[in-house]
Amino acid sequence: MEEHFERDLVSALKDVVEQTNWQLLGSVDFLKQKICNRFSTEDGEDVMVVFHKEKNKFYAMDATCPHEGGPLDLGDIEDVDGHPCIVCPWHDFDFRLDNGKSTSGLQQPTYDVQVTDGNVYVYETSTIIGLEVQKEKIDAACSSLDKTEDVLADSLCDWANKILRTADPEEKVRLTHAVEEKWNAGEIERIGLCSPPDQPHRLTDLNVVAPGKIKRGKAGTLASRIQILHSLANIEQWAIDLSWDIIARFSSFVTEHGAALPQDFFSDFIRVAGEEAKHYKMLSTRLQELSSHFGALQVHNGLWQSASETKDSLLARLAVVHMVHEARGLDVHPKTQERFRHQGDEESVRLLEVIYKDEITLFFQIFVNGMYCGKVDWYIPLMKPKDELMKHTRKTQEKTENNTATNT
Ligand code: FES
Ligand SMILES: [Fe+2]
């Protein structure tokens, strides 16, 4: 009788423990808003819950990459051999969402997930701290991430590669400013080498459509002004990546006389990346002030098409992307400002003016002075094939003559 009682008691206690180990993370509706949500546990682990749209299913695993500590919650979801995987933004290792296995041979711990009554629960023995409570922990993790970054990425190309593979635009902006600061302080000593991704990473829930499909309107309504600011933020995000891509892709460029690109080439493009990051942040903040946010509307990847077409030629890249598209963008900017002013949206006009002034200054200081006037040293080794450069510029101008101007 006593033995029976003890067995029942142990099994009842087990049930209680089991029940309390199923911890509530949040409602399905809330957690579906982002592909990955990151949580902390009381004993210092980070857990992420991933929502896989196609399978309409939640998964959970440790959020810190077992390779070198990359933030898996900022990675993209990709199909690898028929299995949905999270791909680490730092070195591209994949981890299966269902069992944490990686084709690299590494294994990431996973957790059981249950959906009951519209809520998501994860089975974890250490107490999970709520989203709001963990904000401080995330900030602390970000500053310790800075320290980890010091150890993991030591060349400029490592950094450029890492930023191109960062899908979250806010994180892209943060890293861009951090790298600009390190570079200006002389803390990055090597240019290095890397193979950048064919296309910079983007959040998987971004609604991407073909370039011609987005109608921006003429700023006559609040909705149209939000649409215009949203497209400009999208272009600024691409502009950040274009700067890091030219650094990463052409870091080992040598002229026909065997000269490497001088340090100033890299300094100039880091400066451009920093300015574009500032512009993205101004626009995304303005969108929030207008009760929207970046990612709320459709975007297109049109600007990257020219980058892909010029991925094998530095001269073509400079001519097509940085001369033709920049110039076309600058052409339409004053008209956009005028339309916003006409509607009395002075706050947006103020920020558009800052962006326009910055873009004009950079365009003249770096591209016009360099390419046309020979006043920027790093252009000099490139000057010999100037005819080729002008040929690219003219060809693109002709090709895009009838197209809608692309704004940067
Ligand atoms: S840190 Fe994740 S793959 Fe290297
Ligand atoms: Fe910009």
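State whether one or more residues within the stretch 100-117 are closer than 15 Å to Trp22 by Cα and either modelled with pLDDT under 85 or within 13 Å of ligand 1 (Cβ to nearest atom) (or both).
So in the stretch 100-117, the residues closer than 15 Å to Trp22 by Cα come out as 110-117.
Going one step further and asking which of them are either modelled with pLDDT under 85 or within 13 Å of ligand 1 (Cβ to nearest atom) (or both), we end up with 116-117.
Taking every residue of the stretch 100-117 in turn, at least one turns out to be closer than 15 Å to Trp22 by Cα and either modelled with pLDDT under 85 or within 13 Å of ligand 1 (Cβ to nearest atom) (or both).
Residue check: is Ile226 closer than 20 Å to Arg174 by Cβ and among the aliphatic types (A, V, I, L, M)? Outline the logic, then answer.
Working: closer than 20 Å to Arg174 by Cβ: no; among the aliphatic types (A, V, I, L, M): yes.
The answer is no for Ile226.
Determine, yes or no, whether Gly220 is more than 16 Å from ligand 2 (Cβ to nearest atom), at pLDDT below 90 and part of a helix (DSSP H, G or I). Give the steps one after another, and end with the answer.
Values: more than 16 Å from ligand 2 (Cβ to nearest atom): yes; at pLDDT below 90: yes; part of a helix (DSSP H, G or I): no.
Criteria not met by Gly220.
For residues in the stretch 326-365 being within 13 Å of ligand 2 (Cβ to nearest atom) and within 16 Å of Phe269 (Cα to Cα), which is modelled with the highest pLDDT?
If we take residues in the stretch 326-365 being within 13 Å of ligand 2 (Cβ to nearest atom) and within 16 Å of Phe269 (Cα to Cα), then Asp358 is modelled with the highest pLDDT.
The values are calculated or read from the model by the stated rules, or taken from the named source; none is laboratory data. In this text the structure is predicted, and so the values were computed from the model without any measurement. A quick note on method: Cβ atoms are made from the backbone with ideal geometry, for glycine too, and the neighbour counts reach across all protein chains shown.
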